[in-house]
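To keep things clear, I will list the structure first and then write my remarks on it.
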Amino acid sequence: MIRHILLTLGVLVMSSGIASAQLREIYTIQEIEVEESASSVIQAQQQAFTSARIKGAYELFERLTLPQDLSGKISPGSISAATANRLAAAVDVEEEERGGGRYVGKLAIVYNPATVRAYLEERSIPYIDRTAPKSVVFPVTSQGGAYAWNSAWPDKSFGRLAPFVTSRGTRVTASSGWADMGGDVNAAGARRGIKAELLGDAGNYRVRLSSTTAAGETGLGTTGSAATMEEAADLAATLLDRVWKEQSIVRSGERTEASSTVLFTSLVEWNSLRNALARSPIVFNFSIDGLSKRGAVVHFAYAGDEQRLISNLRERGVTLETDDMGWVMTSAITSVR
């Protein structure tokens with residue numbers, strides 16, 4: 001029992017550290033280009049820092065929200081220097097050139113989550129700053145150029161609401177399922193595989209995305225056209241973020257109370273199932289009513305309808321079914337063994 005408690009505490013501490021690092025990434029805007037001139041280099045630098053804070057604030061709001069929720073509430077020119085300075089927590093210099101009263105550079109701005117949240121909530125703007133389950137992206141194509149398409153993706157994302165790492169293997173195709181992808185997904189500590197299928201040709205690339213877990217495959221949509229593979233990969237990553245926001249942003253205060261039996265085969269599996277519920281952005285007031293070696297009874301409230309909850313949990317590798325006991329949750333990975 002003591003060993004089980006220590007293992008559980010270890011998982012909680014590790015999860016907390018990962019979540020903190022992800023939150024800092026979400027609230028960091030990188031590579032903000034600035035160019036300012038003034039009577040002194042110091043003054044030009046301060047103007048550049050303020051300009052970067054303003055530019056970064058707009059980009060951050062776009063990252064956390066959907067366009068329809070920002071419309072009419074935050075527009076170009078509506079964020080003052082004082083507001084941007086208040087929202088920002090730190091400025092990191094990535095590149096700079098200075099001299100003759102001129103400052104040119106690339107800056108990264110770290111924003112204060114509590115201050116940004118308060119700013120959005122004061123204006124009744126729905127947002128999400130919890131990340132989607134980590135994914136492994138599998139760039140696939142049936143039209144040649146597989147190496148170039150794979151190389152167009154970064155090794156891993158930074159600051160994305162839907163974080164991912166990229167598989168550098170080539171055995172996965174557009175028709176592959178969990179049997180072909182699960183090993184890489186599990187090895188990366190991820191929850192799902194994302195097939196990014198390249199369509200079209202040079203100057204008119206599009207990407208069709210689908211999410212695969214042990215529970216099945218879900219189509220996520222197709223991007224608009226891009227001139228290069230690198231631009232296509234960026235559009236695809238942005239689409240992953242948008243889909244997550246559409247699935248996770250809560251606009252209503254209405255909640256549905258629910259209870260469920262959770263079945264598991266090990267402590268590791270129980271922690272995985274519990275974290276999937278506790279970290280879901282549409283699940284609230286999660287509590288454990290009873291716990292044994294192979295099962296638990298949990299209580300929670302959720303936003304939206306039942307199908308939204310089922311879809312949200314499926315993306316986290318959790319299967320939700322109904323039997324004589326009511327709702328029963330299991331690990332999708334265990335169910336396919």
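Values computed for the structure shown
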{"read-out": "P(r) weight above 16 Å for the stretch 256-335, C-alpha pairs, percent", "value": "44"}
{"read-out": "Label point distance in nm, Asn186-Gln30, each placed 7 Å from Cα along Cα→Cβ", "value": "3.1"}
{"read-out": "Radius 15 Å from Cβ of Ser225, net charge of other residues (Lys, Arg +1; Asp, Glu -1)", "value": "-3"}
{"read-out": "Packing rank of 192-203, 222-233, where each peptide gets the mean count of other beta carbons within 10 Å, highest leading", "value": "192-203, 222-233"}
{"read-out": "Mean Kyte hydropathy of 0.5 or more with a Cα span along the axis of at least 27 Å, helices from DSSP in the chain", "value": "2-26"}
{"read-out": "Val207, Val165, Val262, Val328 arranged by Cβ crowding within 10 Å, fewest neighbours leading", "value": "Val328, Val165, Val262, Val207"}
{"read-out": "Per-peptide average of other Cβ atoms within 10 Å, ordering 139-148, 125-134 highest first", "value": "125-134, 139-148"}
{"read-out": "MRE, 222 nm, helices only [DSSP H, n ≥ 4, -39500 (n - 2.57), over the chain, to nearest 500]", "value": "-12000 deg cm²/dmol"}
{"read-out": "Three-way shape label, the stretch 160-250, alpha-carbon gyration tensor, a/c 1.5", "value": "oblate"}
{"read-out": "Rounded to whole Hz, the Karplus (6.51, -1.76, 1.60) HN-Hα couplings of the stretch 129-138, x for glycine and proline", "value": "10, 8, 8, 5, x, 4, 10, 10, 8, 10"}
{"read-out": "Highest to lowest packing among 109-120, 81-92, 238-249, scored as the average C-beta count within 10 Å", "value": "238-249, 109-120, 81-92"}
{"read-out": "Proximal charge balance of Leu198 [Cβ under 11 Å; K/R count +1, D/E count -1]", "value": "+1"}
{"read-out": "Alpha-carbon Debye profile of the chain, log10 I(q)/I(0) at 0.07, 0.13, 0.14 Å⁻¹", "value": "-0.35, -1.09, -1.21"}
{"read-out": "Scattering curve values for the stretch 28-122, log₁₀ I(q)/I(0), Debye with Cα scatterers, q = 0.12, 0.24 Å⁻¹", "value": "-0.38, -1.20"}
{"read-out": "Model label zone, Ala114; criterion: amide N under 11 Å from point 7 Å along Cα-to-beta-carbon; scope the stretch 120-162", "value": "none"}
{"read-out": "Nonlocal amide H pairs with Val250, under 5 Å, H built at 1.01 Å", "value": "Tyr127"}
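Read-outs: derived from the displayed coordinates by stated rules, not from any lab. Here the structure is a predicted model, which is why all the values come from computation and not from measurement. Every residue, glycine as well, gets a Cβ built from its backbone with ideal geometry; the counts of neighbours run over all protein chains shown.
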